[in-house]
Structure formats: structure tokens, C-alpha cells
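A.B. asks: Here it is: the structure, laid out below.
The values are calculated or read from the model by the stated rules, or taken from the named source; none is laboratory data. This structure is a prediction, so every number in the text was calculated from the model and none was measured. Don't worry about glycine lacking a Cβ; one is built from the backbone with ideal geometry, like all the others, and counts go over all protein chains shown.
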Amino acid sequence: MKGGATTFDLGAGIRGKRVLLTGAGGGIGREVALAYAGAGAYVACVDLAQGPLDELMAQMEGGPHLALAHDLRPVAGIDGLVAQAATGLGGIDVLVQAAAVLVRRPSVIDVTEADWGIRHDINLKSAFFRAQAAARVMVAQGSGGRIINFIRARCGACADCPDAGGG
């Protein structure tokens, strides 16, 4: 307190932290990246396409930050992605997983195995193995860390699903 007034520091506990963030090219992930950067963290931003990441980098405060275009589906590439982020940032203190895929069809009858497969690969399988790889880095650093997952609790794969505004 200064002069009887309470002060608030958004960067308290975040400033200087090294964050690996997936899904940074748009939506929630983009906003989370901007918030972490604004609070003084160093952010490795991951998305499938480089263009949205380049646009994001131009808007982020502070730094240095990283823009890493990467396909999250192949599990074989996860360790390399996490290592690239850890090397570029000097470690990883926080993993934020905001990447998600939703292939919406008119009806549940129209959802294909490929639709379901990509959702599983990105939203579940890849997220688990990324958390595992980041946890290994955090344990090796000896300082622990945080893993934050943004998830959707319901299916939403088709227009007639109750959570999708239908039936």
C-alpha cells in the first residue's frame, strides 16, 4: 500500500516466466499470449501457420518471444518442439495448451472417422504427450512449473448437439 491506496501488479508471479503456448494463432490462445506478454512473460507461441504468428509477434509487448509454426498431430515431433521452445526461452515454466480442433457436421450421423481422428490427435493425444515432454523439462530444471489446459467438456461435433445451439 502506498499512501493508503492498494496497488495491483498484473505481472506479479508472471514477469520473467517462460511460457510455451499452443493455439496462439487465434482465439483464446492469441489473447492468452498477449496477456502473458503484457504481464512480462517470455512466450513461445505455437500454431500450425506462420502468418498468424507473425501478426501476433508484432502486437506482443516485451520479449523476446518466439513464433513456432508446427503441426501438433505427429507425436514424434513433440519432444523437438518442446526442446526448441526451452532452448529459445532458456527453459519452460508454464505450458498453456489452447490448441484445439473442432470439425462440425450437420448431424452426428455425418461425423467421419477422420473428423474424430483429428480431434483426438490434437485435443487429447498431442496435449497429453506435450504435457509429458514439458513436465520432463520442468523437473530437470528443478523449479517445477505449471501446465494449463483449455478444454471443451462436450462433443460439439455436430449442429444438433445440445451444446452447439441445436437440439
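A.B. asks: Looking for something surrounded by fewer than 21 Cβ atoms within 10 Å (Cβ to Cβ), modelled with pLDDT under 95 and of a type in the set (D, E, K, R) - is there at least one such residue anywhere in the stretch 1-9?
C.D. replies: Looking through the stretch 1-9, at least one residue is surrounded by fewer than 21 Cβ atoms within 10 Å (Cβ to Cβ), modelled with pLDDT under 95 and of a type in the set (D, E, K, R).
A.B. asks: Right, another one. So which residues in the stretch 85-119 are of a type outside the set (A, V, I, L, M), more than 21 Å from Gly26 (Cβ to Cβ) and under 19 Å from the mean Cα position of the chain (by Cα)?
C.D. replies: Selection gives Thr87, Gly88, Gly90, Gly91, Asp93.
A.B. asks: Looking at the stretch 14-28, can you tell me whether even one residue there is surrounded by fewer than 17 Cβ atoms within 10 Å (Cβ to Cβ), in contact (Cβ under 8 Å) with a residue 24 or more places away in the chain, over 25 Å from Ile118 (Cα atoms) and not aromatic (Phe, Trp, Tyr)?
C.D. replies: Scanning the stretch 14-28, I find at least one residue that is surrounded by fewer than 17 Cβ atoms within 10 Å (Cβ to Cβ), in contact (Cβ under 8 Å) with a residue 24 or more places away in the chain, over 25 Å from Ile118 (Cα atoms) and not aromatic (Phe, Trp, Tyr), so the answer is yes.
A.B. asks: So which of Val75, Val111 ends up being surrounded by fewer than 19 Cβ atoms within 10 Å (Cβ to Cβ), more than 25 Å from Ala41 (Cβ to Cβ) and touching a strand residue (DSSP E or B) at 6+ places or on another chain (Cβ under 7 Å)?
C.D. replies: It is Val111.
A.B. asks: Take the stretch 30-52 and flag every residue that is farther than 13 Å from Val94 by Cβ, surrounded by fewer than 24 Cβ atoms within 10 Å (Cβ to Cβ) and of a type outside the set (S, T, N, Q).
C.D. replies: Listed by number, the residues that qualify are Arg30, Glu31, Leu34, Gly38, Leu48, Ala49, Gly51, Pro52.
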